[in-house]
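Data block below; observations after.
The values are calculated or read from the model by the stated rules, or taken from the named source; none is laboratory data. Not measured: the values here are computed from a predicted model. We place every Cβ from the backbone using ideal geometry, glycine too, and count neighbours over all the protein chains shown.
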Ligand SMILES: [Mg+2]
């Protein structure tokens, strides 16, 4: 993945979050405080602004810019998780404009590990980790496949949507939604939807690169 694609990925994610902000707010209204869409939309809008204002020298610098921006603008648990995760992600990326697919997966691994440490959520807790953890397993299995393998990321985006949809049947065990206990059943976790949209953005970006 090169810097152009990396920025495209975040621009696309910003678009998808913007298009879905009301859906995300409504999902959060059911089991949280109704601001997940607005928070993510504000933060990603700032990421796009930061990209427009900065021609960063490397992937590392770009990822750090994303992390710092999300940390300071998204707010709440999501801001801390996405922000600190992306800062961790940036430490694994090289001070270069291009990274091999395996290096990109290593960085994402560091991102997910940072999320696990901070949020302490596992699969089944009805959080963004219900998407990120199985996605990491699937990506690690693809590590030997050449970059630009559209099939892998398109399939992954579809699976991510499925994992997110499946949080509907779970009892929330983390965050504000956990206070609802059994009453959280029947509602999809908004954080998992954002995570699935990130994989959609990745698929769209790789598809654009290939075509
Ligand atoms: Mg909220």
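Set side by side, the residues 193, 153, 131 differ, and just one is touching a helix residue (DSSP H, G or I) at 6+ places or on another chain (Cβ under 7 Å), in contact (Cβ under 8 Å) with a residue 40 or more places away in the chain, part of a helix (DSSP H, G or I) and within 16 Å of the ligand (Cβ to nearest atom), which is 193.
Remark: residue 109 falls outside the filter, which requires a residue to be in a helix (DSSP H, G or I), surrounded by 19 or more Cβ atoms within 10 Å (Cβ to Cβ) and more than 16 Å from the ligand (Cβ to nearest atom). Return yes when residue 18 is near the ligand (Cβ under 9 Å from one of its atoms), in contact with a helix residue (DSSP H, G or I) (Cβ under 9 Å, 6 or more places away or on another chain) and closer than 23 Å to residue 77 by Cβ and no when it is not. For residue 18, the condition - near the ligand (Cβ under 9 Å from one of its atoms), in contact with a helix residue (DSSP H, G or I) (Cβ under 9 Å, 6 or more places away or on another chain) and closer than 23 Å to residue 77 by Cβ - is not met. Residue 162 meets all of the listed conditions (1) buried (at least 21 other Cβ atoms within 10 Å of the Cβ); (2) assigned to a helix (DSSP H, G or I); (3) at pLDDT 95 or above but one, namely (1).
Filtered by the rule that a residue be assigned to a helix (DSSP H, G or I) and within 12 Å of the ligand (Cβ to nearest atom), the range 47-78 gives 76, 77, 78. Of the candidates 44, 81, the single residue that is within 16 Å of the ligand (Cβ to nearest atom), under 15 Å from residue 201 (Cα atoms) and touching a residue at least 12 places away in the same chain (Cβ under 8 Å) is 44.
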